[in-house]
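Each remark here refers to the structure printed beneath this line.
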Amino acid sequence: MKNELVVKDNILINASYNLELTEQRLILLAIVNGRESTKELTSDTIIQIEARKYAKSFNTTNEAAYAALKSAVNNLFERKFSYKEYRGSVNKEFIVKSRWVST
């Protein structure tokens, strides 16, 4: 990921402090893959991360990348974060809770 710029909102940065390194790397690769996608991203968009891309991006073997991703995916599915969202003409504050990944 030498030349790929990833920009995250402060809410995501703060939430990512609770993630393990492999989980953070997986999120970063998902952001890069999503940005490179020619399709519009929606909540239904599937983003796939291949072990060989992880291995190349983070200078590890394909086997080590596969093992790291397998563990990270399982952990990441269980992790949640929350953020504030303001809605309506009165700008009412809501707390939104979300998972890092949905499926």
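Within the range 68-81, is there a residue that is part of a loop (DSSP other than H, G, I, E, B), under 15 Å from the mean Cα position of the chain (by Cα) and at pLDDT 85 or above? Yes, there is a match, as at least one residue in the range 68-81 is part of a loop (DSSP other than H, G, I, E, B), under 15 Å from the mean Cα position of the chain (by Cα) and at pLDDT 85 or above. Residues in the range 43-56 that are among the hydroxyl-bearing types (Ser, Thr, Tyr) and either in a loop (DSSP other than H, G, I, E, B) or more than 15 Å from the chain's Cα centre (by Cα) (or both) were compared, and the one that is surrounded by the most Cβ atoms within 10 Å (Cβ to Cβ) is 45. Keeping to the range 64-97, report how many residues are surrounded by 12 or more Cβ atoms within 10 Å (Cβ to Cβ) and small (Gly, Ala, Ser). Qualifying residue count for the region: 6.
Close Cβ contacts (under 8 Å, 6 or more residues apart or on different chains) running from residues in the range 80-92 that are closer than 25 Å to residue 16 by Cα and in contact (Cβ under 8 Å) with a residue 24 or more places away in the chain to residues that are in a loop (DSSP other than H, G, I, E, B) and among the hydrophobic types (A, V, I, L, M, F, W, C) comprise 81/100. Can you name the residue in the range 12-42 that is assigned to a helix (DSSP H, G or I) and among the acidic types (Asp, Glu) and is also surrounded by the most Cβ atoms within 10 Å (Cβ to Cβ) among such residues? Among them, the one singled out is 23.
The values are calculated or read from the model by the stated rules, or taken from the named source; none is laboratory data. Worth saying up front: this structure is predicted, and the values here are computed from it rather than measured. Using ideal geometry, Cβ is built from the backbone for each residue, glycine included, and neighbour counts are taken over all protein chains shown.
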